[in-house]
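Colleague: Quick one: structure below, then a few questions.
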Amino acid sequence: MDRDTMKPLVMVVEDETALVTMLRYNLEREGYRVCEATDGEEALTVLAERNPDLVVLDWMLPVLSGIEVCRQIRRKPRTRDLPVIMLTARGEEGDKVRGLNTGADDYMTKPFSLPELLARIKALLRRVQPAQAKGVLQYENIAMDLTAHRVTRNGRNIHLGPTEFRLLQFLLQHPGCVFSREELLNAVWGPDIYVEPRTVDVHIRRLRKALNGEADADIIRTVRAAGYALDVDGGEADLAPAAAM
Ligand code: CA
């Protein structure tokens, strides 16, 4: 399970089901996990529940266009830096510029070459998370070595249970972002597993206890009525409503 959650999650948003099937097959063969949505609105729902590492986003989608989905991805702090590759049947230069202006990181015109798309996905993931590609996550004085399964704070070894490890891994991947208990449950335990939201509090408490030595500042911020974040300004804080999403 640990090994599995380390695989990058690629989200495919595309209304041509044959194309979705083809992309899923090939992405999984390349070692990615895949989640999908077939219209723009579903894409936003899936984004709220899962935390993909990259999105392959079709431009022409039912309900909500790919451009609009991309705009919303860029608007939310949690997904602001999420890499997006836009797919489109249109090949005009104006559309390309418009797509990139909306916040897409890369752009491919259909029919596209599969090896080229796979290469661009790989390149984009490497560019966005260079440290993670090497298997090391870092925030402030906390370092997580994913290969050795080791956590240190200020050079001091931190011993964590498997759930606390995954919880910290997820928080390290999105430092400064506030996550609700439900979002943490979906990300750490998985969307199909039923766990009491309060369970998150128990594991956050354990994680805090393990991470925070006597001389250390609390690195986990509790945001009343909203959730938790990995943040240098640890402890408890209220959240302005505008920053909640
Ligand atoms: Ca389409």
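Colleague: What list do you get for ILE220, ILE73 if you sort them by fewest beta carbons within 10 Å?
Modeller: ILE220, ILE73
Colleague: In degrees, nearest 10, range 0 to 90: what is the angle between the Cα axis of helix 17-29 and the longest Cα principal axis of the chain?
Modeller: Approximately 50 degrees, to the nearest 10.
Colleague: Output the 0 to 90 degree angle, nearest 10, between the alpha-carbon long axis of helix 114-128 and the longest principal axis computed from the alpha carbons of the chain.
Modeller: 30
Colleague: Here's something else I'd like to know. Run the numbers on segment 3-128 and let me know its relative contact order in percent, using alpha-carbon pairs under 8 Å that are six or more apart.
Modeller: 21
Colleague: Can you sort VAL34, VAL10 from fewest to most other Cβ atoms within 10 Å of each residue's own Cβ?
Modeller: By the 10 Å Cβ count, ascending, the order reads VAL34, VAL10.
Colleague: With a 10 Å cut-off between alpha carbons and a GNM built on the chain, which of LEU19, LEU172, LEU124 moves the most?
Modeller: It is LEU19.
Colleague: Can you give me the pair-distance distribution of the chain, C-alpha pairs, 5 Å bins, whole percents?
Modeller: P(r) over the chain, rounded to whole percents: 1, 6, 13, 17, 18, 16, 12, 9, 5, 3, 1, 0, 0.
Colleague: Across segment 147-158, in residue order, what do the Karplus-derived ³J(HN,Hα) couplings come to in whole Hz, using 6.51 cos²θ - 1.76 cosθ + 1.60 with θ = phi - 60° and x for Gly and Pro?
Modeller: 6, 7, 6, 10, 10, 10, 10, 6, x, 7, 5, 10
Colleague: Over the chain, what relative contact order in percent results from Cα pairs under 8 Å that are six or more residues apart?
Modeller: For the chain, the relative contact order is 12 percent.
Colleague: Which of these, ASP231, ASP105, ASP192, has the largest mean-square fluctuation under a Gaussian network model of the chain (Cα springs below 10 Å)?
Modeller: ASP192
Colleague: Mind checking which of PRO52, PRO62, PRO111 has the largest fluctuation in a GNM of the chain, springs on alpha carbons under 10 Å?
Modeller: PRO111
Colleague: How long is the gain from THR17 to GLU140 if the chain were fully straight, where each residue apart is worth 0.36 nm and the alpha carbon distance is subtracted?
Modeller: In short, 39.9 nm is gained.
Colleague: Shifting gears a bit: Using a simple spin-label model with points 7 Å from Cα along the Cα→Cβ vector, what separation in nm is obtained for LYS76 and LYS110?
Modeller: 2.4
A short reminder: the numbers here are calculations on the coordinates, not readings from a lab. Everything numeric here is computed off the predicted structure, so don't read it as measured data. Quick reminder, even Gly has a Cβ in these numbers, built from the backbone with ideal geometry, and neighbours come from all protein chains shown.
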